[in-house]
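Trainee: The structure's right below; bear with me while I get my questions together.
The values are calculated or read from the model by the stated rules, or taken from the named source; none is laboratory data. Because the structure is predicted, anything quoted here is derived from the model rather than measured. For neighbour counting, all protein chains shown are included, and Cβ atoms are generated from backbone atoms with ideal geometry for every residue, glycine included. Side chains are part of the model used for accessible areas, which takes the heavy atoms of the whole protein and leaves out ligands, DNA and RNA. Shrake-Rupley method; radii C 1.70, N 1.55, O 1.52, S 1.80 Å.
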Amino acid sequence: MDKSPEAFRTISEVAEDLDLPQHVLRFWETRFQQIKPLKRGGGRRYYRPDDVELLKLRAAGIEEALLARLMRADAKSAEAQELAVEAEKIRRRIVALAPNDLEALADLSVAIAYRLDTIRGEPGFFELQDEQFSIDLSLHERDPTSRLFADNLSWTYQRVGDRVWERGERERALSYFDRSAETGEAALAIDPKSSVSLFTAAAGHLYAMHADLVRGDKAAAAQHVFRSIELSGQLLAREPEHKRGGAFHLRAATFASGFIMDPDDQSPAVAVLERALAAVAGNQAIVENTAYMGFPYFDALVSRVILALYQSDQATALSRAAEARSLVERERYASPRSVEFSGGAASISVLEGWSAFSASDVDGFKRAIERGFAEGRRHAESPDRRMQAATEVAGRVREILWIEGARITDAATLARLAEMRAWVVGEYEKEIAEAERAISDSASVLTAKAVRARLLGDERLADEFDARLYFSPRSSYQQAAGGPPESRNK
């Protein structure tokens, strides 16, 4: 046995170089008391560097620091990449030292998943992903009664489904999204008391919802989204400040409100959103960190503004719009992802304009649309983001013109709306032309062309662009969620 000084380290020496939260260090200290130490002079406790328990604790600490960065969309930073490499290296060392420890192999799969987040689009990505998928499939097959293995496989189905879709294997990707929900439910059935599995199943149903939307099966999609709301709601009842649970609950509620939206009675959709907003009201990770997991709190607020405007509830619309606007302003200075808020800011401007139009201020409506286009130009740092922001404006305007046009009988006002439509189309076409010079035939440009066609009332042309978007190798499954026209129009 190697007894040289460098073969041993004290707890403080092991922890010295790690910038970890205090509660993690306290966990280390407690856990170390359960590890039989090797003793050397002076009664000091020393541990071998290849002690599996010590390595597991060190990997867990590194992964906690890494996960915090991943949740802030900081996956490509040098710090995140270094942490991911180190965590994976330690997990592989543990598996080599304890080859019969199946949970250690499951932990390696998670470490690989974190590493994949930091190297997406780089050489070796797909090979590493195939290894992770193989590990999780094997573990679940070896022990289908393990909740942990079922949980891990559910998440892996989602991750692999994303990448398989990008490679053009659409049906295979959709089947993986379906299996994510099925495997999440299997994990929950193994241990109904597990908060982890509640969250896993809730997330899996959202992915299955997207799969059914791509297929054009809105009834099946609605079943998945309401199951997701049910499960994430149970999770928040147990753990009101569960960060990711709160984000997924809001996301599911936003989709659900759209599914049950009735132009003649918005109250059921409003109730879904209000319950979800109330459920996360004390969840600081959601309310204070709006960018967390893709702005779900902001999206829910915007949906509530839209429903209030449908109801002609100006007081609620303006209140929610003001709250959403304040989030936009805060995130511009606080979040590295503030560029993604360019579309949100543009959307809020148009909704504020809708409120002005409802008060018979047509000129105020036009000024708001101008602000919306300007928001996208000013804050979108890439042609793709700028195109998405412009489409947010055009899509909202089309919706407003459709709703308000159905309500108005005054010929003069209808003529003003027609002028407004022509002006918006002209501004939108300028944005499309500029984007085409930089990102021709991208998913965002195809989407824009479909929206422009619908603004002009040309549904046939819009369907053609929808079909191109659906089959484009550059579109995500979310962007193709309407399905090909023949499916969507059934």
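Trainee: How large are Rg and Dmax for segment 70-148 when only the alpha carbon atoms are used, in Å?
Mentor: Using the Cα atoms of segment 70-148, the pair Rg, Dmax is 13.2, 39 Å.
Trainee: Please give, to one decimal in nm, the separation of the simple spin-label points placed at ASP191 and ALA438, each 7 Å out from Cα toward the Cβ.
Mentor: 4.8 nm
Trainee: Identify the GluC sites (Glu not before Pro) of segment 217-288 meeting these criteria: DSSP loop state and at most 15 other C-beta atoms within 10 Å of the C-beta.
Mentor: GLU241, GLU288
Trainee: Still on this structure, please answer the following. Does segment 198-255 come out rounded, prolate or oblate by the C-alpha gyration tensor, with a ≥ b ≥ c the root eigenvalues, rounded set by a/c under 1.5 and, if not, prolate when a/b is larger than b/c and oblate if not?
Mentor: Cα axes put segment 198-255 in the prolate bin.
Trainee: From the Cα trace of segment 113-250, what convex hull volume per residue do you get, rounded to a whole Å³?
Mentor: Here the figure is 104 Å³ per residue.
Trainee: Give me the percent relative contact order of segment 76-219, please, defined on Cα pairs under 8 angstrom at least 6 residues apart.
Mentor: Here the relative contact order equals 17 percent.
Trainee: Residues in segment 238-279, backbone N under 18 Å from the label point at ARG407 (7 Å along the Cα-to-beta-carbon vector): list them, ranges by number please.
Mentor: Within reach of a label on ARG407, which here means backbone N under 18 Å from a point 7 Å along Cα→Cβ, segment 238-279 contributes 261-270.
Trainee: On a 1.4 Å probe surface of the protein chains, which of VAL85, VAL445, VAL110 comes out largest in accessible area, and what is the full order?
Mentor: The ranking, largest first, comes out as VAL85, VAL110, VAL445.
Trainee: Please state the shape class of segment 127-188: rounded when a/c is under 1.5, otherwise prolate if a/b exceeds b/c and oblate if not, all from the C-alpha gyration tensor.
Mentor: oblate
Trainee: Once the Cβ-Cβ distance between SER267 and SER312 is put in as r, and R0 is 22 Å, what FRET efficiency do you end up with, to the nearest 0.05?
Mentor: With R0 = 22 Å, the Cβ-Cβ based efficiency is 0.95.
Trainee: Something else: Subtract the Cα-Cα distance of ASP74 and ASP363 from 0.36 nm times their separation in residues, and report this length gain in nm to one decimal.
Mentor: Gain in length upon complete extension: 99.8 nm.
Trainee: Also, I was wondering about something else. Taking square-rooted eigenvalues a ≥ b ≥ c of the alpha carbon gyration tensor, is segment 322-478 rounded, prolate or oblate, where a/c under 1.5 means rounded and, failing that, a/b exceeding b/c means prolate?
Mentor: Since a/c reaches 1.5 but b/c is at least a/b, the shape of segment 322-478 is classed as oblate.
Trainee: Multiply the residue separation of GLN223 and LEU137 by 0.36 nm, subtract the distance between their alpha-carbon atoms, and state the gained length in nm to one decimal.
Mentor: 28.3 nm
Trainee: Given LYS193/LYS243; LYS89/LYS193; LYS218/LYS430, which pairs have Cα atoms separated by over 24 Å?
Mentor: Table pairs above 24 Å Cα-Cα are LYS89/LYS193; LYS218/LYS430.
Trainee: Take every Cα-Cα distance within segment 403-485, group them into 10 Å bins from 0 onward, and report for each bin the whole-number percent of pairs it holds.
Mentor: Values per bin, smallest distances first: 18, 39, 29, 13, 2.
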